[in-house]
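Structure, as structure tokens:
The values are calculated or read from the model by the stated rules, or taken from the named source; none is laboratory data. Remember, predicted model here, so these are calculated numbers, not experimental data. Here the Cβ positions follow ideal geometry from the backbone for every residue, glycine too, while neighbour counts run over all protein chains shown.
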Amino acid sequence: MCAETVPPAVPLPGTTELDRLIARSRAIGARGDLVLHGGGNTSSKTVGRDHLGRERPLLLIKGSGADLATLAASGVARPAR
């Protein structure tokens with residue numbers, strides 16, 4: 001894909017980094033010229049609460065098996081960094 005065909009960056013919907021990761025993933029997944037069969041991984045670094053309630057750096061990861069085009073929060077892993 002050449003630079004002339006790449007659309008300009010636009011603000012993504014969502015108030016949380018998880019919302020924005022899902023929006024980015026769905027936008028990428030909707031592009032058949034970028035992905036095959038909805039596959040691929042996306043991730044985002046953020047800060048949030050871990051399973052013990054501590055504020056920590058977090059890495060949100062769209063894992064294998066979740067479709068990019070239809071990603072939901074349940075398809076995102078949240079391991080602490």
Inspect all residues belonging to segment 72-80 and state whether any of them is modelled with pLDDT under 85, polar (S, T, N, Q) and surrounded by fewer than 10 Cβ atoms within 10 Å (Cβ to Cβ). no
I'd like the full set of residues that are more than 14 Å from the chain's Cα centre (by Cα) and within 20 Å of residue 13 (Cβ to Cβ), limited to segment 36-81. 48
Within the bounds of segment 9-17, is there any residue that is surrounded by 15 or more Cβ atoms within 10 Å (Cβ to Cβ) and at pLDDT 85 or above? yes
Would you please name the residue that is surrounded by the fewest Cβ atoms within 10 Å (Cβ to Cβ), looking only at residues in segment 35-50 that are at negative phi, without any contact (Cβ under 8 Å) to a residue 24 or more places away in the chain and not β-branched (Val, Ile, Thr)? 36
Matching residues, segment 51-71, being exposed (fewer than 11 other Cβ atoms within 10 Å of the Cβ), touching a Gly at 6+ places or on another chain (Cβ under 8 Å) and either in a strand (DSSP E or B) or aliphatic (A, V, I, L, M) (or both): 55
